[in-house]
Structures are given as C-alpha cells and as structure tokens.
Amino acid sequence: MRDLDIVEVARRSGVPASTLRFYEEKGLITSIGRRGLRRLFDPGVLERLALIALGRTAGFSLDEIALMIAPDGRPRIDRQRLTAKAEELDATIRDLCAIRDGLRHAAACRAPSHMECPTFRSILQAAASGARGARKKRAPLPPRG
C-alpha cells in the first residue's frame, strides 16, 4: 500500500487532521515526510489510530496510551495495566447499574413524595457518601487568605 497523506488518513480513520497533528506532537504517531504541504504517513498509522481509539474508549489517557506504543510504532501493552483498567471499568459498571436501577425505582415509586420513599432516601445517602469520598480523594484546597 502506498503512503497516505493527512487528508486520506483523516478520511479513512475518521480522525480530524487537527487531531492527527496533535497526536504527532504528542509522539503517538509519526509522519514520514511531506507531499507539498501535506504530511505523509505510513499505512500502518491506521492501525495505530485504531489502538489509540480503543485506548481512549477504555478510558486510558493519551499519556498512558503513549506508553503502550513502542518507538517503532508497534504495540507494547502492559497486561497488568489492562487488568487494572478492566477492574476499574467493572467498578464503574457496577456504579452505573446501581444508579440506573435507582432511577428506574424513583420513576416508578408510588410514594407521595420521593423523600418519603426509603429506597430513594438510601440512594440519596449513597450519593452523598460518594460525593464525600470524591472530595477526600482530591487535593485539599489552599487556605483562603
């Protein structure tokens, strides 16, 4: 397959040219030259872009994804990192399922007011606990002065 210019890579991958230039700045992809003013890429860039898209969908940051790509462009994926991300996704799925179930209950609850529904009140309590936990994980705010 012949080299692809940035317009062709953008068309085939669905990734805007501006994002391709940003990925190149971050070292995620590498152009191999120019044809006029357009950057040229090896056809393998499409596979690297698919790997980047998969990583982004799984919740990896671009910096984490960069660590998964060797200097020669081939995948260099840490299996422990994948396992940790899968466990993180499992926790997120559990949380989202609980929220979904709570919303369905709140929509169908026959209590005169949601505040009179024990299930809804327990959902509120869990949400408040989660918000407090999230605040504790963040760095403390600087003192006001």
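With the Cα gyration tensor of segment 79-137 giving a ≥ b ≥ c as the square roots of its eigenvalues, does the rule (a/c under 1.5 for rounded; else a/b larger than b/c for prolate; else oblate) give rounded, prolate or oblate?
Numbers: a/c = 5.81, a/b = 2.03, b/c = 2.86.
Cα axes put segment 79-137 in the oblate bin.
Would you kindly derive the ³J(HN,Hα) couplings of segment 37-43 from the backbone phi angles with the Karplus curve 6.51 cos²θ - 1.76 cosθ + 1.60 (θ = phi - 60°), listing them in order in whole Hz, with x for Gly and Pro?
8, 8, 5, 10, 10, 5, x
Considering the chain as a Gaussian network with a 10 Å cut-off on Cα pairs, which listed residue, 79, 38, 110, attains the greatest mean-square fluctuation?
Among 79, 38, 110, the largest GNM mean-square fluctuation belongs to 110.
Measuring from label point to label point, each 7 Å out along Cα→Cβ, what is the residue 3 to residue 103 span in nm?
So the two model labels end up 4.9 nm from each other.
With +1 on each Lys and Arg Cβ and -1 on each Asp and Glu Cβ, how big is the dipole of the chain about its Cα centre, in debye rounded to the nearest 20?
420 debye
For 94, 12, what's the fewest-to-most ordering of other Cβ within 10 Å of each Cβ?
Ordered from fewest to most neighbouring Cβ atoms within 10 Å, 94, 12 come out as 94, 12.
Can you list residues from other chains, or at least 5 along the same chain, whose modelled amide H is less than 5 Å from the amide H of residue 69?
76
Mind telling me which of 118, 16, 71 comes out most flexible in a GNM of the chain, alpha-carbon contacts under 10 Å?
118
As a footprinting exposure proxy, order 15, 7 by other Cβ within 10 Å, with the fewest listed first.
So the ranking, lowest neighbour count to highest, is 7, 15.
How many nm separate the modelled label positions at residue 50 and residue 113, each set 7 Å beyond the Cα in the direction of the Cβ?
5.7 nm
Once both labels are modelled 7 Å past Cα along the beta-carbon direction, what's the residue 87-residue 61 spacing in nm?
2.0 nm
List the residues, sorted by chain then number, that are 5 or more residues from residue 41 or on another chain and whose placed amide H is less than 5 Å from its amide H.
4, 5, 32
Say we join alpha carbon atoms closer than 10 Å with springs in a Gaussian network model of the chain; which of 27, 73, 36 then has the biggest fluctuation?
Most flexible of the set in this elastic network: 36.
Specify which residue in the list 45, 67, 97 is farthest towards the positive end of the charge dipole of the chain, using unit charges on the beta carbon of Lys, Arg (+1) and Asp, Glu (-1), about the Cα centre.
Farthest towards the positive end: 97.
We did not get these values from a lab; they are worked out from the coordinates using the rules stated. What you see is a predicted model, and the numbers here were worked out from it, not measured in a lab. No Cβ is skipped: glycine too gets one built from the backbone with ideal geometry, and neighbour counts run over all protein chains shown.
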